[in-house]
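Peer 1: The structure's right below; bear with me while I get my questions together.
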Amino acid sequence: MDRPVILTGLRANNDLHIGNYFGALLPIVDMANRRAGAYEVHLFVPDLHSFTTPIDHSLLQAQIMHNLKLFVAAGLPLDNPNVHIYRQSYIPAHSELAIILNSFTGMGQLGRMTQYKDKSGKLGDDIVSVGLFDYPVLMAADILLYGTQYVPVGDDQTQHLEFARDIAERMNSKFATELFIVPEPVAKQREFFGGATGQPKGLRIKDLIDPTKKMSKSDESGRGIIFLGDTPEAAVKKIMGATTDSLGAVNLDPDNQPGIANLLQIVALLSNQSLDTVAEMHQGQTEYGTFKKQVAEAVQAFLVDFQARLAAVDEVKLLEKLLASETKMNDVANETLLRVQAAVGLR
Ligand code: ADP
Ligand code: TRP
């Protein structure tokens, strides 16, 4: 492929929430709409990554298809021939390249990965799987197979991106200087995407119940999370139950009023206005109940609209695009794989 490649994967082990939507999905969809002339844009579902920590496997298949629909409802242009959507496990070269890269990766380096340390520490009675340990190697294969230059991911994934650069450089110096295209360094990626990688303002929507931590789908109760699939009524209840403070005036003061700041942020995103503008509009409002009701109305309107777009997604067209992308990407990925197989002496 001649055009530079922008590639990212969104895991499908749960419904996405408004944090994932505004922080990850929308920027990527935006990019696909703006840049797919000069770049190839890949948005794929890393399905093999989704059970590196335990999940309910009976739900996985439906969740994968649902997430692909979310991409389309968010505005991903399926008609654009430079936009590619696919499932990782439908392109076996991802797994094969990961197995090869394993033999050139040190256990020490993987053991130092923050995500590995965090997630393995939280597993309780479950085993710490080799899959979780090897996660960055499969992710490197995802990136390197397509000669990717730009990888929009959140800050928590930049260490894995550095690893992909590292293994690419190591293989290039050991076997052939042009074996892999090395993705751009993180600083350059930030420049390219105009902020934190993939997230223009390092955006973090906070949990509604505990606004000192980020809204995260791994939170068990789900009470502090607005999922894209929540009924508008349930979402209204969650907003009305959001934790605030006892100061009794709406101000943009994230340190002292994190709950209020988070609600202002949500309104700003939903209404496509700057946070400062929204904060000014509500400045000094003293009735939290009234303020929350306004936020709840905005959330309700967003979900009603988004869910209508989701219901209108043309599933036949989506499936056609998916299968066409997977056929094409198998060709691209197999070409790289063959080069690597030849370099290491397998072919
Ligand atoms: P989660 O913590 O919900 O499981 P992931 O870690 O899988 O989310 O992240 C998926 C993508 O969504 C990443 O690009 C991440 O930066 C983004 N993201 C996750 N949570 C938020 C949030 N609360 N606000 C903004 N972006 C978020
Ligand atoms: N690890 C990423 C995440 O959890 C998902 C992912 C898998 C990915 N393979 C990738 C992202 C390749 C970018 C490129 O968010």
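The values are calculated or read from the model by the stated rules, or taken from the named source; none is laboratory data. Quantities reported herein were computed from a predicted structural model and do not represent experimental measurements. Virtual Cβ from ideal backbone geometry, glycine too; neighbours counted across all protein chains shown. Just so you know, the surface numbers come from the protein's heavy atoms only, side chains and all, with ligands and any DNA or RNA stripped out. Shrake-Rupley method; radii C 1.70, N 1.55, O 1.52, S 1.80 Å.
Peer 1: Over the chain, what is the percentage of antiparallel beta bridges among all DSSP beta bridges, to the nearest 5?
Peer 2: Antiparallel bridges: around 20 percent, rounded to the nearest 5.
Peer 1: For a test of the definition: using alpha carbon positions, the gyration tensor, and the 1.5 limit on a/c, classify segment 44-177 as rounded, prolate or oblate. Let's see the in-between values first.
Peer 2: Details: a/c = 1.89, a/b = 1.14, b/c = 1.66.
Judged from the Cα gyration tensor, segment 44-177 comes out oblate (a/c at least 1.5, b/c at or above a/b).
Peer 1: Separation of segment 234-302 and segment 208-232 by C-alpha centroid, Å?
Peer 2: So the two Cα centres are separated by 16 Å.
Peer 1: Using Cα pairs closer than 8 Å and at least 6 residues apart in sequence, work out the relative contact order for the chain, in percent.
Peer 2: 20 percent
Peer 1: If each of Thr286 and Glu233 carries a label point 7 Å out from its Cα toward its Cβ, how far apart are those two points in nm?
Peer 2: In this crude spin-label approximation the distance works out to 3.5 nm.
Peer 1: Further question on the same structure: With the crude spin-label approximation of a point 7 Å out along Cα→Cβ, what separation in nm comes out for Asp30 versus Gln109?
Peer 2: For the pair Asp30/Gln109, the computed spacing is 3.3 nm.
Peer 1: Using amide H atoms built 1.01 Å from N in the peptide plane, name the residues 5+ places from Met215, or on other chains, whose amide H lies under 5 Å from its own.
Peer 2: Amide H to amide H, under 5 Å and 5 or more residues apart or across chains, Met215 pairs with Ile205, Lys206, Asp207.
Peer 1: Cross-link list Lys213/Lys292; Lys119/Lys217; Lys214/Lys292; Lys206/Lys238; Lys69/Lys188: which exceed 23 angstrom alpha carbon to alpha carbon?
Peer 2: Lys69/Lys188
Peer 1: Let me ask something additional. With every protein chain present, what is the per residue accessible area of segment 202-313 (1.4 Å probe, Å²)?
Peer 2: Heavy-atom accessible area per residue stands at 49 Å².
Peer 1: Another one. Place +1 on the Cβ of every Lys and Arg and -1 on the Cβ of every Asp and Glu in the chain, take the dipole about the Cα centre, and give the residue among Ile181, Ala140, Ser89 whose Cα lies farthest towards its positive end.
Peer 2: Ile181
Peer 1: Evaluate the charge dipole of segment 20-143 about its Cα centre and quote only its size in Debye, nearest 20, assuming +1 on the Cβ of each Lys and Arg and -1 on the Cβ of each Asp and Glu. Could you put the intermediate results ahead of the total?
Peer 2: Details: 8 positive and 11 negative charges, 55 e Å.
Around 260 debye, computed over segment 20-143.
Peer 1: May I pose another question? Run the numbers for Glu297 and Glu220: contour at 0.36 nm per residue of separation, minus the present Cα-Cα distance, in nm.
Peer 2: In short, 25.2 nm is gained.
Peer 1: Work out the FRET efficiency for Asp155 and Thr212 from their Cβ-Cβ distance, taking R0 = 22 Å, and round it to the nearest 0.05.
Peer 2: 0.80
Peer 1: What residue among Thr212, Phe306, Leu101 has its Cα farthest toward the positive end of the dipole of the chain, where the charges are +1 on Lys, Arg and -1 on Asp, Glu, each on the Cβ?
Peer 2: Leu101
Peer 1: Separate question: How high is the relative contact order of segment 202-313, given as a whole-number percent (alpha carbon pairs under 8 Å, six or more residues apart)?
Peer 2: 27 percent
Peer 1: Expressed as an acute angle from 0 to 90° and rounded to the nearest 10, what is the orientation of the C-alpha long axis of helix 26-35 relative to the principal long axis of the chain?
Peer 2: Long axis of 26-35 versus the principal axis of the chain: about 60 degrees.
Peer 1: Right, something else. Which length gain, in nm to one decimal place, applies between His66 and Ile99 when the Cα-Cα distance is subtracted from 0.36 nm times their residue separation?
Peer 2: That pair, His66 and Ile99, stretches by 9.0 nm at full extension.
Peer 1: Can you pull the percent of segment 17-97's accessible area that's carbon plus sulfur, 1.4 Å probe, other chains left in place?
Peer 2: Roughly 56 percent, rounded to a whole number.
Peer 1: About the Cα centre, and with charges only on the beta carbon of Lys, Arg (+1) and Asp, Glu (-1), how big is the dipole of segment 202-313? Nearest 20 debye, please.
Peer 2: 300 debye
Peer 1: Test of understanding: in a Gaussian network model of the chain with alpha carbons linked when under 10 Å, which of Asp125, Asp142, Asp15 would top the mean-square fluctuation ranking?
Peer 2: Asp125
Peer 1: Another question, then. Can you give the net charge of the other residues whose Cβ lies under 13 Å from the Cβ of Glu184, counting K and R as +1 and D and E as -1?
Peer 2: Surrounding charge for Glu184 is 0.
Peer 1: Related question: Specify the residue with the greatest mean-square fluctuation among Glu280, Glu162, Glu96, computed from a Gaussian network of the chain linking alpha-carbon atoms under 10 Å apart.
Peer 2: Sorting by GNM fluctuation, first place goes to Glu280.
Peer 1: Still on this structure, please answer the following. If each residue of separation counts as 0.36 nm, what is the full-extension length gain between Ser246 and Thr177 once their alpha-carbon separation is subtracted?
Peer 2: 18.7 nm
Peer 1: Shifting gears a bit: Mean-square fluctuation check for the chain, GNM, Cα pairs under 10 Å: which of Gly75, Gly147, Gly19 is largest?
Peer 2: With Cα springs under 10 Å in the chain, the top fluctuation among Gly75, Gly147, Gly19 is at Gly75.
Peer 1: Further question on the same structure: Counting only residues 5 or more places away or on other chains, whose amide H sits under 5 Å from the amide H of His17 once H atoms are built in the peptide plane?
Peer 2: For His17, the qualifying residues are Leu228.
Peer 1: Under a point-charge model restricted to the Cβ atoms of Lys and Arg (+1) and Asp and Glu (-1), what is the dipole moment magnitude of the chain relative to its Cα centre, in debye to the nearest 20?
Peer 2: It works out to roughly 340 debye.
Peer 1: Give me the percent of accessible area attributable to carbon and sulfur for segment 307-347, probe 1.4 angstrom.
Peer 2: 58 percent
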